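Only one structure is covered here, and it is reproduced in the block below.
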Amino acid sequence: MQTNLPNYADLFGSIDFKEGDAARSVYSPAAYLSDLLQMLDDEFDPNSIDLDTRRGDIKSIELDAENTNTLIPYLDIVNEVLEGRVSATQEETYAALEKAAYPFNMPFSLDNEKLKNHLHHLGIKAHELRRLFATTTDYSTVAREYLGLSAAEVTALLETDTVTEASVQQAYGYTGSDFMGD
């Protein structure tokens, strides 16, 4: 008796389903993010989790295949969030870093770092490039580039001002009464 019953294929024909875009699936990372954001809105007090302050960009991320499958280093995300917290514009942030005296790896020049990274990827050393193509050789600039220092770093190292209590406080990140038990 059971042999006469039709199966699913006999009743409905071929079971040939189309493959959908994996990025548009309800199981995709984009759908998971969307569900998490919806759960935050539905289940948690908006004052207890201030997602807009912590990651203001997350609600405006386009949930397409490219953004779903593109790997972004965590450090890049952290840097973007920190840049947004420090200043409204990146130019102000990097200008402040270029003038900073504390900590000891300051001042920081973004332009100099970008140049060093590009030249490193090309396998070229900055001092050799300057020595080959400069119309007049400025040995102090060649030496600076050989050492990998920016102009701001050289200025900070070679300042001829006398060392004062205020300059030592600034170099170590202290202010006023914090310094030496005042």
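The values are calculated or read from the model by the stated rules, or taken from the named source; none is laboratory data. Here the structure is a predicted model, which means the values were calculated and not measured. Methodologically, a virtual Cβ is constructed for each residue, glycine included, from the backbone with ideal geometry; neighbour enumeration extends over all protein chains shown.
Can you name the helices (runs of 4 or more DSSP H) wholly within segment 1-63 that have at least 1 residues being among the small types (Gly, Ala, Ser) and within 30 Å of VAL86 (Cβ to Cβ)?
The helices (runs of 4 or more DSSP H) meeting that bar are 29-43.
Can you tell me which residue among GLU128, GLU92 is closer than 28 Å to THR175 by Cβ and among the charged types (D, E, K, R)?
Every option except GLU92 fails the conditions.
Scan segment 135-157 and tell me whether some residue there is of a type in the set (Asp, Glu) and over 19 Å from GLU98 (Cβ atoms).
Checking segment 135-157: at least one residue is of a type in the set (Asp, Glu) and over 19 Å from GLU98 (Cβ atoms).
Of these, LEU149, LEU97, LEU63, which one is in contact with a Leu (Cβ under 8 Å, 6 or more places away or on another chain), surrounded by 12 or more Cβ atoms within 10 Å (Cβ to Cβ) and under 30 Å from GLY20 (Cα atoms)?
LEU63
For segment 153-179: of the residues being modelled with pLDDT of 75 or more and of a type in the set (A, V, I, L, M), which is farthest from ASN112 (Cα to Cα)?
ALA166
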